[in-house]
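Asks: Here you go, one structure.
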Amino acid sequence: MIEVKNITKVYGSDENAFQALGGVSFTIHEGEFVAIMGPSGSGKSTLMHILGCLDTPTSGTYCLDGKDVSTLSDDELALIRKEKIGFVFQAFNLLPRTTVLRNVMLPLVYATVDADERTKRASQALLAAGLQETHFLHKSNELSGGQIQRVAIARALVNEPSLILADEPTGNLDTKTGEIVLGTFQKLNEEHGRTIILITHEQEVAAHAKRIIQLRDGVIVADSTMHARKKIHHES
């Protein structure tokens, strides 16, 4: 699904140039659950923006579903974001005085989907994200943090994207609630086959993924699967 080849990203020029990514390469297959982890300044946010088609690399190629998106125009990138990528952010980004159902339906309004189909697909996405139907008509400011994040996950699912990109999705949640939200991502991956990329700086959060790509100073320093991590733990 994703093929990244020798991507670099440089901000500024001449003596003010700063290299955020220094030649990053990896492949992510459909149905994988991958965490991209690194400390502040590691390049993970820059990589997230490129994977989410919010920015383009300085050099190298990024292919999504077989299409090279690294050279597309802003309008073409916007279309890719609308059709292929579902975003879940740390800050939720919901309309506070709007019902849960309408918050999730908004992307479908922009996609000119008819009203009955919008309701059907939004309801299905909310149920898949683990929110009870009794909460559908509540306003988002009447929900707990974990429930709000599940609504945000449902909104990311509603356009049936190829890729779910979650940027520090538990950053505003307590540990217990964060575990519930991470369990929702695991369920979406294991039971629904969703491809998920999780951006985080926390080892405990990354451990929920089946594969961890670690960044430091703009380069990949480790790329391990759950199987390999369990083997190392067992041997130690």
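Let's see how each residue does on (1) more than 20 Å from ILE213 (Cβ to Cβ); (2) among the aromatic types (Phe, Trp, Tyr); (3) at pLDDT below 90; (4) out of contact with any strand residue (DSSP E or B) (no Cβ under 8 Å at 6 or more places or on another chain):
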site: VAL10; (1), (2), (3), (4): yes, no, no, no
site: SER25; (1), (2), (3), (4): no, no, no, no
site: GLY38; (1), (2), (3), (4): no, no, no, no
site: CYS63; (1), (2), (3), (4): no, no, no, no
site: GLU83; (1), (2), (3), (4): yes, no, yes, yes
site: PHE87; (1), (2), (3), (4): no, yes, no, no
site: THR99; (1), (2), (3), (4): yes, no, no, no
site: PRO107; (1), (2), (3), (4): yes, no, yes, yes
site: ALA111; (1), (2), (3), (4): yes, no, yes, yes
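Asks: Here's something else I'd like to know. Determine if the range 124-139 includes at least one residue that is closer than 25 Å to THR46 by Cα and assigned to a helix (DSSP H, G or I).
Replies: no
Asks: Same structure, new question: Need at least 1 residues that are at pLDDT 90 or above, among the hydrophobic types (A, V, I, L, M, F, W, C) and farther than 30 Å from GLN124 by Cβ per element, so show me which strands (runs of 3 or more DSSP E) inside the range 160-236 make the cut, counting only ones lying wholly within it.
Replies: Because the criterion is at least 1 residues that are at pLDDT 90 or above, among the hydrophobic types (A, V, I, L, M, F, W, C) and farther than 30 Å from GLN124 by Cβ, the strands (runs of 3 or more DSSP E) in the range 160-236 that meet it are 211-216, 219-225.
Asks: Does LEU143 satisfy being farther than 22 Å from ILE36 by Cα, without any contact (Cβ under 8 Å) to a residue 12 or more places away in the chain and out of contact with any helix residue (DSSP H, G or I) (no Cβ under 6 Å at 6 or more places or on another chain)? Explain how you work it out, then say what you get.
Replies: Numbers: farther than 22 Å from ILE36 by Cα: yes; without any contact (Cβ under 8 Å) to a residue 12 or more places away in the chain: no; out of contact with any helix residue (DSSP H, G or I) (no Cβ under 6 Å at 6 or more places or on another chain): yes.
In short, no.
Asks: Among the listed residues LEU72, LEU95, identify the single one that is modelled with pLDDT under 90 and in contact with a Cys (Cβ under 8 Å, 6 or more places away or on another chain). Steps first, please.
Replies: Working: LEU95 fails: in contact with a Cys (Cβ under 8 Å, 6 or more places away or on another chain).
LEU72 is the lone residue from the list that is modelled with pLDDT under 90 and in contact with a Cys (Cβ under 8 Å, 6 or more places away or on another chain).
Asks: Is at least one residue of the range 187-206 among the small types (Gly, Ala, Ser) and closer than 23 Å to ILE28 by Cβ?
Replies: Yes, the range 187-206 contains at least one residue that is among the small types (Gly, Ala, Ser) and closer than 23 Å to ILE28 by Cβ.
Asks: Also: Look through ALA129, ALA156, ALA91 and report the one residue that is closer than 22 Å to PRO169 by Cβ and either among the charged types (D, E, K, R) or in contact with a Phe, Trp or Tyr (Cβ under 7 Å, 6 or more places away or on another chain) (or both).
Replies: From the options ALA129, ALA156, ALA91, the qualifying one is ALA156.
Asks: I would also like to ask the following. Among VAL10, VAL88, VAL24, which is the only one that is in a strand (DSSP E or B) and free of Cβ contacts under 8 Å to residues at least 60 places away in the same chain? Talk me through it step by step, then tell me what you get.
Replies: Details: VAL88 fails: free of Cβ contacts under 8 Å to residues at least 60 places away in the same chain; VAL24 fails: free of Cβ contacts under 8 Å to residues at least 60 places away in the same chain.
Of VAL10, VAL88, VAL24, the one residue that is in a strand (DSSP E or B) and free of Cβ contacts under 8 Å to residues at least 60 places away in the same chain is VAL10.
Asks: Quick one: how many residues across the range 152-170 are more than 18 Å from LEU54 (Cβ to Cβ) and surrounded by fewer than 21 Cβ atoms within 10 Å (Cβ to Cβ)?
Replies: Final tally of qualifying residues: 1.
Asks: Sticking with this one: Hey, could you check the range 31-54 for residues that are crowded, with 16+ Cβ neighbours inside 10 Å and assigned to a loop (DSSP other than H, G, I, E, B) and say which is nearest to the chain's Cα centre (by Cα)?
Replies: That would be GLY52.
Asks: Checking the condition surrounded by fewer than 19 Cβ atoms within 10 Å (Cβ to Cβ) and closer than 30 Å to LEU79 by Cβ, which residue from GLN149, GLN124 passes?
Replies: Result of the check over GLN149, GLN124: GLN124.
Let's see how each residue does on (1) out of contact with any strand residue (DSSP E or B) (no Cβ under 9 Å at 6 or more places or on another chain); (2) over 11 Å from LEU94 (Cα atoms):
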| site | (1), (2) |
| --- | --- |
| LEU131 | yes, yes |
| LEU137 | no, yes |
| ASN141 | yes, no |
| ILE148 | yes, no |
| ALA154 | yes, yes |
| ASN159 | no, yes |
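The values are calculated or read from the model by the stated rules, or taken from the named source; none is laboratory data. Note that the structure is a prediction, hence the values are computed from the model and not measured. No Cβ is skipped: glycine too gets one built from the backbone with ideal geometry, and neighbour counts run over all protein chains shown.
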